[in-house]
Amino acid sequence: MAVRAINSSSIFRSASCYPLPPPLSVLRCRIYPFRTFYFRRYSKLGFRFSEFGSELHISGYGCNRSCSVHSLVESVMEALEATRLRKRVCVTAKLSNDELVEDKLVNRVVEKGLLLEFKKDSDRALLAVAQRPDGKKNWMVFDQNGVSSSIKPQQITYIIPGVENFDHMEIPNFLQRAQNNLMIFGSMEPLESYCAHLLLSKDEIYFTVQERKGSRFIYGPRPSVQVEELLRRKLAKEVEEKELQGFVHLLMSAKAMPDHAKPPKSSWLLEEKIQHKIESLEAYAIDACKTDEQKRTAGTILKEMGLSKTASSAVNLLIGIGYFPAHVNLDVFKLNIRTDHSDEIMSLLLESSDQDEMNRTNLTLEVYAIDVDEADELDDALSATRLQDGRIKVWIHVADPAAYVQPGSIVDRKAMSRATSVFLPTATYPIFPENLAMDGMSLKQGKFCNAVTVSVVLHSNGSIAEYSVHNSIIKPTYMLTYESASELLHLNLEEEVELKILSEAAALRFQWRCQQGAVDTVTLETRIKVVKPEDPQPTINIYVENQADPAMRLVSEMMILCGEVVATYGSRNNIPLPYRGQPQSNIDVSAFAHLPEGPVRSSAIVKIMRAAEFDFRNPVRHGILGVPGYVQFTSPIRRYMDLLSHYQVKAFLRGESLPFSAGQLEGMASIINMQVRVVRRLCNSSLRYWILEFLRRQPKERKYRALILRFIQDRIAGLLLIEVGFQASAWVSLGKQVGDEVEVQVEEAQPRDDVLSLKEVLK
């Protein structure tokens with residue numbers, strides 16, 4: 001049974017107590033913000049309740065004793081029942097008279113000098129003294145914090161009775177006395193009345209507002225079952241609050257530790273309740289909260305830590321405690337990039353066998369594999385010779401992952417869902433398991449490797465004279481970086497005759513494509529490799545490559561040649577393939593002749609290029625490349641679209657039914673291209689982050705060469721920072737033109753906020 005002092009709004013309930021008698025079970029307490037009546041009404045029953053430690057003192061009608069909480073209610077009920085029998089008629093009449101008075105007081109007008117309570121916001125109620133009217137309805141008040149403000153009548157929650165011309169300087173003293181005397185009084189004195197109001201209005205367990213008529217509140221006791229449930233919830237909330245404070249203490253401690261001593265990420269995931277909170281923070285940091293409860297939990301933690309409720313605050317907190325590394329790539333989480341492979345896939349791959357083992361041509365050729373120095377997956381290699389009639393024959397060898405993976409298998413479906421390998425400055429996430437993509441499928445120097453080889457004989461003008469496509473076995477002879485291959489070409493060594501022939505073939509092809517309308521869009525390309533990215537200050541290695549470099553031009557031309565041959569092969573044999581085209585009939589290259597060749601001209605042309613188009617039945621002219629048809633075929637370990645082309649071509653070579661129709665390819669391509677765009681966005685943002693981090697670390701006085709690519713607005717120019725291969729913008733002085741080179745310095749670089757500010761160095 002609930003025990004609640006009438007004025008203190010504090011009823012405690014014993015589980016063993018019985019329900020109220022019927023006449024008293026409907027007893028209601030009425031609270032009026034403008035004047036207190038129910039205190040006097042019930043004080044006539046002769047009770048005075050006040051809190052003394054764990055006991056309450058009760059006096060009245062011959063009852064003068066102290067009792068425990070558990071026996072208090074029985075005593076109250078006995079006295080109330082006796083009084084009810086003697087005073088029933090009198091009390092009823094009194095209640096009726098009070099109703100009339102209450103109705104009149106509801107409309108009482110606020111007057112200057114009155115002490116009142118008003119709702120400042122949803123969480124705070126303040127005491128204030130009315131100063132003067134503000135308009136027709138509002139009042140200017142001076143509150144307990146010494147702040148003058150205008151309030152609406154709806155904000156007033158209580159007017160302390162018996163107070164006139166109250167001095168606002170006395171509000172803090174009045175409030176302190178009220179807080180120190182929260183007990184039950186049968187009195188209409190201002191302090192005692194406000195004490196009762198405070199207790200009832202703040203009670204969340206025993207009493208509830210049963211009815212509200214304008215500014216009049218009618219309180220009533222809650223049912224015992226509801227009280228018990230609320231007490232249970234209160235206890236649970238207290239436990240939860242204690243756990244929250246414990247978790248906040250852990251965060252504070254971890255945040256204060258030096259970087260080398262911070263707890264590892266795994267330690268935050270050992271205990272379920274701590275794991276739930278830390279994962280809520282992580283979800284909040286990447287805007288990926290799955291439930292409102294997760295969002296509330298994270299928001300509460302941030303508030304307790306004194307931080308704003310923003311994703312960036314959560315990120316910085318998780319970095320501060322060591323859960324996230326200092327340079328965490330949030331986009332990997334936000335875009336749900338898968339970074340590992342299941343054991344099930346690994347076991348399936350180990351059981352696979354080569355279907356084309358008996359139909360491979362063993363090619364004993366000098367084979368060159370040319371790629372970046374840190375390449376993990378080698379998809380392609382090249383061979384060349386000069387025929388007796390003087391024509392050049394080249395072989396483009398492409399890795400053969402389809403020897404391990406069958407269309408529609410679990411491994412294939414997983415690869416399709418990834419769409420493309422992810423190459424970040426900090427890590428590589430292949431579409432196939434790493435040890436297979438980088439070992440079993442990849443071309444390796446000095447080892448026999450399965451491949452699909454495209455051989456081409458060129459006319460003297462660079463056009464295709466003959467071609468073939470077949471399964472092969474090759475043994476790569478040389479593994480070269482672009483830098484080393486370019487150096488060998490520059491040295492023009494006699495023993496590297498095959499490499500010289502490849503370079504000659506590339507030059508013929510480039511000349512022929514230009515005659516077909518190809519548009520040269522070479523520019524500077526930046527690669528970054530971050531060593532130990534988990535460290536607060538990892539090493540950043542930056543490489544700026546010129547796509548016009550002889551070795552890069554050589555490899556690029558051979559890849560384009562392979563794509564043209566596969567498109568022609570598919571067209572002549574009615575093989576549905578992802579034929580890639582880019583109509584550019586509207587580009588007049590001569591309009592850009594006034595611009596310097598290289599990055600400046602390429603940048604202007606790229607701005608007006610149209611997006612690539614696909615056809616899955618017939619080749620589409622690729623205007624930018626200057627070829628009648630093109631199929632991406634040379635990166636089946638890295639790109640799933642290339643693997644689809646391998647499936648189709650290899651099935652045709654075996655004389656089997658093709659695994660996919662044109663319609664099926666089209667549907668798959670739409671899904672794949674969506675994921676490819678996501679990965680491209682991730683790679684671009686990650687590259688930009690690390691370039692900004694690189695610039696941030698450089699000495700402030702360092703100067704950078706920059707090419708003016710275009711003018712964006714007035715004197716704000718789009719620039720290409722030559723040393724880092726990065727495009728940015730800055731104000732440049734009068735007289736500078738597109739194509740001019742200027743010097744700039746970095747004023748500010750903030751990679752986490754994607755901020756870069758440059759200024760021109762005036763000479």
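The values are calculated or read from the model by the stated rules, or taken from the named source; none is laboratory data. Predicted model, so just to flag it, every value in this text is computed and none were measured. Cβ atoms come from the backbone with ideal geometry, glycine included; neighbour counts cover every protein chain shown. For accessibility, only protein heavy atoms count, side chains too; no ligands or nucleic acids. Shrake-Rupley method; radii C 1.70, N 1.55, O 1.52, S 1.80 Å.
Data overview
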read-out: Residue-normalised accessible area of the stretch 429-520, expressed per residue, 1.4 Å probe, Å²; value: 44 Å²
read-out: Relative contact order computed over the stretch 677-763 (Cα-Cα under 8 Å; 6+ residues apart), in percent; value: 30 percent
read-out: Protection proxy ranking, peptides 558-565, 756-763, average beta carbon neighbours within 10 Å, highest first; value: 558-565, 756-763
read-out: Qualifying trypsin sites (Lys or Arg not before Pro) for the stretch 448-556 [loop in DSSP, other Cβ within 10 Å: at most 16]; value: none
read-out: Filter on Lys242/Lys334; Lys532/Lys759; Lys273/Lys334; Lys265/Lys444; Lys444/Lys529 - keep pairs with C-alpha separation over 28 Å; value: Lys242/Lys334; Lys532/Lys759; Lys265/Lys444
read-out: Accessible-area composition of the stretch 343-689, carbon plus sulfur, in percent [1.4 Å probe]; value: 49 percent
read-out: Sequence ranges 621-634, 153-166, ranked by mean other-Cβ count within 10 angstrom, highest first; value: 621-634, 153-166
read-out: The stretch 124-180, relative contact order in percent, only Cα pairs under 8 angstrom and at least six apart counted; value: 29 percent
read-out: Selection of GluC sites (Glu not before Pro), the stretch 223-298, meeting DSSP coil and at most 12 other Cβ within 10 Å; value: Glu271
read-out: Ordering of 637-646, 137-146, 445-454 by packing [mean C-beta count within 10 Å, highest first]; value: 637-646, 445-454, 137-146
